[in-house]
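Report on one structure; see the data block that follows.
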Amino acid sequence: MEKKTDVAPKATPLETLQEADQILRVPALAPLVTYPLEVLVPEARQQTPAVGQRATRADGRLHGLGQTKYIDDWYFPGMLYAKIKRAGVASARIKSIDTKEAEAMPGVVAVITGKDIPCNSFGPSLKDQPVLADTRVFHAGDGVAAVAAVTEQIAAEALDKIKVEYEVLTPVLDPLESLKLETPGVHAPNANIYGHKVIKKGDVEKAFAESYQVFEGSFRTQMVEHVPLEPHATIAMWDPNGRVSIYSTLGRITLGRADVARTLGIPMSRIRMIATIVGGNFGGKNEITTEPALALLSKKTGRPVKCTFTRPEEFYASTTRHPLIMDYKTGVTKEGKILGRKIRLVLDGGAYCSWSETTLGKACILSAGPYNIENLYAEAFVVYTNKTMTGAMRGFGAPQVCFAYESHMDDIAIALNIDPLDIRLLNAFEEGSLSPTGQKLQSVVVKESLLQAAQRFGWNTNGNGKGNGAKS
Amino acid sequence: MITVTINVNGEKRTASVPPETSLLRMLRDNLNLTGAKLGCDVGDCGACTVIVDGKTVNSCLMLAAQADGRTVLTIEGLATADRLHPLQKSFENYGSLQCGFCGPGVLMSAKALLDENPSPTVPDIRDALGGNLCRCTGYTKMIEAIQVAARAMRGEPAEKTA
C-alpha cells in the first residue's frame, strides 16, 4: 500500500530541478502589449481562426494541483463561523425572536436578527429582499437570525436554541393564482404582478382569421437550481477604523458593493469586496446573500466571520431558474407558413424580484422563436409567490421559451403532416430578417445550420411529417 | 478530543480533533490540506474524494478516527516535488477542469482507477467517475484526458482519441 503514495526522491540533479521549475511554473504573465491592438476581424459568416484551436486555461494547472484557493479554503486568525437560521415556513408574520438561550451558549460569540441591520432591503432591481427577515417571512429559505460561534458545530447547535414565534399565513404558491387581482399580495400592499412586457407587431386576430388552421399549446417548465459544486461562501472582516473587507463567491462585486453599502448604511469607499476564483456560478452568485449580516457579525465581534452555505441552503435559500407557464397560439397556412402568433408567458418570480426583470424581457423578446412572424402579440408577466426566489440563470429565460416554441412547431408539423425540418426552413430567419422588436439581424445562418445538422446526423427528409422517426 | 495519526502524502501527521470530526475536516482544518473540497457533506458530489489505503473514499463520510493509522493520499500528494502526475498534465492540456472545484476529487478517482487498471475502457472510466459530479466542463474531456494519461503511463504515445 505504501507504494501508492508517490513521493519524490530527495536528491534531484540540477537539470531536473530546472525542468521542474519550467513544468511547475505558475501561469505565466502575458507579455505586455501596446495599444492600439491590431485585431484580426473575420469577415461576417466566416469562421474565426480561434474555432477548433485547443487552449489551456491559465488556472488549469493550479486546479489540477489542488492549489486553487476558493473562499472556503481561506482561514484568518481568530475567525468565527456563522450559520443562518432559516424560517422553514413559506409565509408568516414574525411575532417574536428570542435569541437569549443561543447567546448564552458557550462558544457563541454573537447573534444578530433583522432588527440589527441598518437598512434591511436589497435587490438588483427592486429592493424587496430583506437580508434577514424581521417582520415578515416571504419564503421558507428566508434567514431570520445569524449566529457567529467559534466552531461551525456550535453555530449550528445555537440555531436550534433560537426561538421564533410565527403567525403562519396562507402562502401563495401557484403563479396563475398570484396573477389574479383578488389574490392577496405577497408583498402587500404592492401588487403581485411586478413586471409586465408586451411586444406587438401587426394584427394577430386578423392573421388568425386568415389562417388555414390555428394551433394552441400550453407548456410549463420547472424550477431549476444552479447547484454550483462550490456552495456560496463569504468571509467578512470589519476593521476597527470602520472599513469592511468581504471575501465572497459573488460574481458581480461592484453591484454587491453597492448593495452592501446600502444595507449597512456606510459609503461604498469603506467596503472592499474581494472576489477569488469561483467554483461555479451559472448566474446563482450574481447578488449578495448574507454578506451584510456577516459584516455586522464581524463588527460586533471584532473578528473575521466565515459562512459557507450547506447544500440544502443552496437549494432553498439561493436563487433558482424561473418556472414558466407558456401559452402559445399560432395561425398557419396549409403549407405551414406562420401568419400570426399570440403568446402569454407567466413567470413564477418566487418571493423576491432578483433578476426577474432581465429574465422577463429576454424571455418575451425570444418567445416567438427564430422565425419570421408578421403578426405577433407576446405578453409576459412576472408574479410574486411564496417560494424560493428566482433570478439569473444561464440564458435568462431563453431556454424555457425555446422548449415551448420548438415543441409547438413540432406539434404543428405533425398535425399538418409536414416534416419538422421543412416547417422550420419555411419560417426561419434569413439574413436581414427583423426580430420581433425590430432589430435587423446580421450573420444569420439558421437554415444553413439546420441543413448541416440534418445532413450530419442523417435526418430523413421524406416529407411525411415524421422526419427521421418514420424511417423503418 | 481524540488523537489521530495518519500517513498522509508520505508524511506521518497527527492531530487532536473532536470525535465527530470527519476525515475531510481534519485534512482541511487541522492539516491545512485544502485540496479536497466540501461540496455537499453527504457523499453525493465526490469533491472530497481522497485515497485511503489504495481505495477512493468520500472523506466527508469517513470519521477522522476511522483513518487512524492508515495511509491517505490527497491531491496535494499527487504531483511529486519535480513532476506533475500524468493525469494532472493531461487534465491541464485537455482543458478538463473549468471552475476546478470537482477537480481534486475527480483526479483522485482517476488515480485510483489507473492504479488498479492501467488500461481502462471508457465504461471503466465512467464507472470510476460515477461518484464525482461536475457542473461545468462535463465528463467527455475528463474521460479523454484519463485515456491520454493511461497511455502515457503505459509508455505509449499519447495521441488524441478518435
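What follows is calculated from the coordinates using simple rules that are stated; it is not laboratory data. Being a predicted model, the structure only gives us computed values, none of them experimental. Because the Cβ atoms are built from the backbone with ideal geometry, glycine has one as well, and the counts that use them run over all protein chains shown.
Computed from point charges on the beta carbon alone (+1 for Lys and Arg, -1 for Asp and Glu), the dipole magnitude for the protein assembly as shown about its Cα centre is near 700 Debye.
Relative contact order for the stretch B:86-153: 54 percent, from Cα pairs under 8 Å spaced at least 6 residues apart, divided by residue count.
Across the cross-link table entries A:Lys83/B:Lys111; A:Lys85/A:Lys115; A:Lys85/A:Lys362; A:Lys200/A:Lys440; A:Lys100/A:Lys299, which are compared at the Cα atoms, the separations over 25 Å belong to A:Lys83/B:Lys111; A:Lys85/A:Lys362.
In terms of the Cα gyration tensor, with a ≥ b ≥ c the square roots of its eigenvalues, is chain A rounded because a/c is under 1.5, prolate because a/b exceeds b/c, or oblate? Oblate, because a/c is 1.5 or more while a/b does not exceed b/c. Charges were assigned to the Cβ only: +1 to each Lys and Arg, -1 to each Asp and Glu. The resulting dipole of the stretch B:86-153 about its Cα centre is roughly 180 debye. In terms of packing, defined here as the mean over residues of other Cβ atoms within 10 angstrom, the peptides A:175-181, A:452-458 line up highest first as A:175-181, A:452-458.
Can you check how the C-alpha radius of gyration of the stretch A:216-312 compares to 2.2 N^0.38 Å, as a plain ratio? It is 1.26.
When you restrict to C-alpha pairs under 8 Å that are six or more residues apart and normalise by the size of the stretch B:2-77, the relative contact order lands at 40 percent. Counting Cα-Cα pairs of the stretch B:86-153 in 10 Å increments starting at 0 gives whole-percent bin shares of 24, 63, 13. Karplus-based coupling profile of the stretch A:289-304, in residue order and whole Hz: 10, 10, 3, x, 5, 5, 4, 5, 4, 5, 5, 5, 9, x, 10, x, with θ = phi - 60° in 6.51 cos²θ - 1.76 cosθ + 1.60 and x standing for Gly or Pro. Take every pair of alpha-carbon atoms less than 8 Å apart whose residues are at least six positions apart; their mean separation over the length of chain A yields a relative contact order of 17 percent. Note on A:Leu181 and A:Ala55: with the Förster distance fixed at 56 Å, the Cβ-Cβ geometry gives a FRET efficiency of about 0.55.
Per the Cα gyration tensor, chain B maps to an equivalent ellipsoid with semi-axes of 28, 16, 13 Å, ordered largest to smallest.
Using equal-weight Cα scatterers in the Debye expression, the normalised intensity of the stretch A:317-457 in log10 at q = 0.11, 0.12, 0.19 Å⁻¹ is -0.45, -0.53, -1.10.
Residue-wise HN-Hα couplings along the stretch A:359-376, as the Karplus relation 6.51 cos²θ - 1.76 cosθ + 1.60 with θ = phi - 60° gives them from phi, are 5, 4, x, 5, 4, 5, 4, 8, 5, 7, x, x, 10, 6, 10, 6, 10, 9 Hz; Gly and Pro carry x. Straightening the chain between A:Ser433 and A:Cys119 buys 108.2 nm, computed as 0.36 nm per residue apart minus the Cα-Cα spacing. Taking θ as phi - 60° and the Karplus parameters 6.51, -1.76 and 1.60, the scalar couplings of the stretch A:430-445 work out to 10, 4, x, 4, 9, 6, x, 9, x, 7, 7, 8, 10, 6, 8, 10 Hz in sequence order, x denoting glycine and proline. Its Cα centre serving as origin, the stretch B:46-137 has a Cβ charge dipole (Lys and Arg +1, Asp and Glu -1) of approximately 200 debye.
At the listed q of 0.12 Å⁻¹, the Debye profile of the stretch B:2-77, built from one uniform point per Cα, gives log10 I(q)/I(0) equal to -0.25. Each stretch of four or more DSSP H residues adds -39500 (n - 2.57); spread over every residue of the protein assembly as shown, this sum gives -7500 deg cm²/dmol at 222 nm. For the residues of B:73-86, the average number of beta carbons from a partner chain within 10 Å of their own beta carbon is 6. For A:Tyr166, the residues whose modelled amide H falls within less than 5 Å of its own, excluding neighbours fewer than 5 places apart on the same chain, are A:Lys95.
Amide H contacts of A:Glu225: A:Arg321, each under 5 Å away and 5 or more positions distant or on a separate chain (H built 1.01 Å from N in the peptide plane; Pro and chain starts excluded). Amide H contacts for A:Asp142 (H built 1.01 Å from N in the peptide plane; partners 5 or more residues away or on another chain; cut-off under 5 Å): A:Ala87, A:Gly88. When A:Leu339, B:Leu73 are sorted by how many other C-beta atoms sit within 10 angstrom of their C-beta, beginning with the fewest, the order is A:Leu339, B:Leu73. The label point for B:Ile2 and the one for B:Arg126, both projected 7 Å from the Cα toward the Cβ, are 4.0 nm apart.
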